[in-house]
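Data first, discussion second: the structure below is written as structure tokens.
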Amino acid sequence: SSDLAAALREQFGLVGDPITQYVAWLGRALQGDLGESYRLRQDVVGLIADRLPITLELVALSVLIAIAIAIPLGILQARRRDSAVDYAGSLFALVGLSIPVYFAAMLGVLVFAVWLRLLPPFGSGEDPLDRLVHLILPAVSLALGTIALTSRMTRSSMLEALSADYIEAARAKGLPERTILVKHAFRNALIPVLTVTSLQFGFLVVGSVLVETTLGLGGVGSLITDAIQNRDYPVIQATVLFLTVGFTLLNLVTDLLYAVIDPRIRY
């Protein structure tokens, strides 16, 4: 019995104190070896690679939906401040920030899949078009919070930009209002919007775990949920490491984009 326990500790890398185990695991991780799943008996890197496309597609579609809705909505609210459109947008933002992701997903299934029968409720689809149709409902559910926060930030930044002196000078020159909004005001208001949107990627990744579990998509979110339930520690460690590195790289890309948006910023 003791020999079997020692063999299992050796097999799973549990020999030595926790610091020694961590250093050994980190050394293997730097070489691309993230271990083997206790439950599935498969290479963890392969498991993540199989599930990753679905999660990336879900998050990317959520971001596209959020940007396509939130930024025009925020600009419109700033342009028509204290109007019915502004109040409606603020109400939508309040509701979007208040609804949990998993509840939005279940509500979407009830309305669009059960009652209206417009979208499939579960699964990820087979061919690209079918997969896109299956991703619409979870992507919209995941994007609600980002839409709410980004639209509020866009509105706030645009109001600040529109009150600046250079906007009055542009109007005095007789420039079209569309040019003033898009070329002058929005470009200067974009940096805080970009910052908030990039930080929302962390929320989207965490939210994707709940959405994938609720709607059975089978991505990285479902993988880490199953690993937690089954105490599959190599999978948990690998997915957390992967998500952390991805979020860090995203922040780096955001910092580099600052210089592209605002020529005054140089590194």
Query - Within the range 76-126, considering residues that are more than 23 Å from Val209 (Cα to Cα) and not in a helix (DSSP H, G or I), the one most open to solvent (accessible area, probe 1.4 Å) - result: Arg117
Requested in this report: Select from the range 83-124 the residues that are in contact with a Ser or Thr (Cβ under 7 Å, 6 or more places away or on another chain) and hydrophobic (A, V, I, L, M, F, W, C) and list them in ascending order.
Outcome: Ala93, Val101, Ala104, Ala105, Met106
Report task. Please determine, by comparing only the residues of the range 200-245 that are touching a Gly at 6+ places or on another chain (Cβ under 7 Å) and among the polar types (S, T, N, Q), which one is least open to solvent (accessible area, probe 1.4 Å). Result -> Ser208
Query raised in the report: List the pairs whose first member sits in the range 1-24 and is closer than 14 Å to Gly35 by Cα, whose second member is loosely packed, with under 12 Cβ neighbours inside 10 Å and not small (Gly, Ala, Ser), and whose Cβ atoms are under 8 Å apart, counting only residues at least 6 apart or on separate chains?
Result: Leu14/Leu8
Report summary line: For the range 1-21, the count of residues that are loosely packed, with under 14 Cβ neighbours inside 10 Å and in a helix (DSSP H, G or I) equals 13
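Looking at Arg79, Arg28, Arg41, which one is of a type outside the set (Asp, Glu), at pLDDT below 90 and within 30 Å of Ile167 (Cα to Cα)? Talk me through it step by step, then tell me what you get.
Working: Arg28 fails: within 30 Å of Ile167 (Cα to Cα); Arg41 fails: within 30 Å of Ile167 (Cα to Cα).
Answer to the check: Arg79.
Quick check on this structure: which one of Thr214, Thr239 is in a helix (DSSP H, G or I) and in contact with a Pro (Cβ under 9 Å, 6 or more places away or on another chain)? Even if it seems obvious, please write down each step before you answer.
Working: Thr239 fails: in contact with a Pro (Cβ under 9 Å, 6 or more places away or on another chain).
Within the list Thr214, Thr239, the selection yields Thr214.
Can we say Leu162 is out of contact with any Asp or Glu (no Cβ under 9 Å at 6 or more places or on another chain) and under 19 Å from Gln77 (Cα atoms)? First the steps, then the outcome.
Details: out of contact with any Asp or Glu (no Cβ under 9 Å at 6 or more places or on another chain): yes; under 19 Å from Gln77 (Cα atoms): yes.
Yes; evaluated as a whole, the condition is true for this residue.
For Val182, are the conditions met, namely being in a helix (DSSP H, G or I), open to solvent by 60 Å² or more (accessible area, probe 1.4 Å) and of a type in the set (A, V, I, L, M)? Steps first, please.
On the way: in a helix (DSSP H, G or I): yes; open to solvent by 60 Å² or more (accessible area, probe 1.4 Å): yes; of a type in the set (A, V, I, L, M): yes.
So Val182 fits the description; yes.
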**Report entry** Only one of Arg155, Arg131 that is in contact (Cβ under 8 Å) with a residue 24 or more places away in the chain, part of a helix (DSSP H, G or I) and open to solvent by 50 Å² or more (accessible area, probe 1.4 Å)
**Finding:** Arg131
Query raised in the report: Quick one: would you say Ile167 is part of a helix (DSSP H, G or I) and more than 30 Å from Glu126 (Cβ to Cβ)?
Result: yes
Report summary line: Apart from one, (1) touching a residue at least 24 places away in the same chain (Cβ under 8 Å); (2) more than 17 Å from Arg81 (Cβ to Cβ); (3) buried (at least 18 other Cβ atoms within 10 Å of the Cβ) all hold for Leu162; the odd one out is (2)
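Considering every residue within the range 231-241, establish whether at least one is touching a Leu at 6+ places or on another chain (Cβ under 6 Å), under 25 Å from Tyr102 (Cα atoms) and of a type in the set (Gly, Ala, Ser). Can you show your working first?
Within the range 231-241, the subset touching a Leu at 6+ places or on another chain (Cβ under 6 Å) is 238.
If we keep only those that are under 25 Å from Tyr102 (Cα atoms) too, we end up with 238.
Applying the additional criterion that residues be of a type in the set (Gly, Ala, Ser) yields 238.
Yes: the range 231-241 contains one or more residues that are touching a Leu at 6+ places or on another chain (Cβ under 6 Å), under 25 Å from Tyr102 (Cα atoms) and of a type in the set (Gly, Ala, Ser).
The values are calculated or read from the model by the stated rules, or taken from the named source; none is laboratory data. Since the structure is predicted, the reported quantities are computational estimates derived from the model, not experimental observations. No Cβ is skipped: glycine too gets one built from the backbone with ideal geometry, and neighbour counts run over all protein chains shown. Surface accessibility is based on the protein's heavy atoms, side chains included, excluding ligands, DNA and RNA. Shrake-Rupley method; radii C 1.70, N 1.55, O 1.52, S 1.80 Å.
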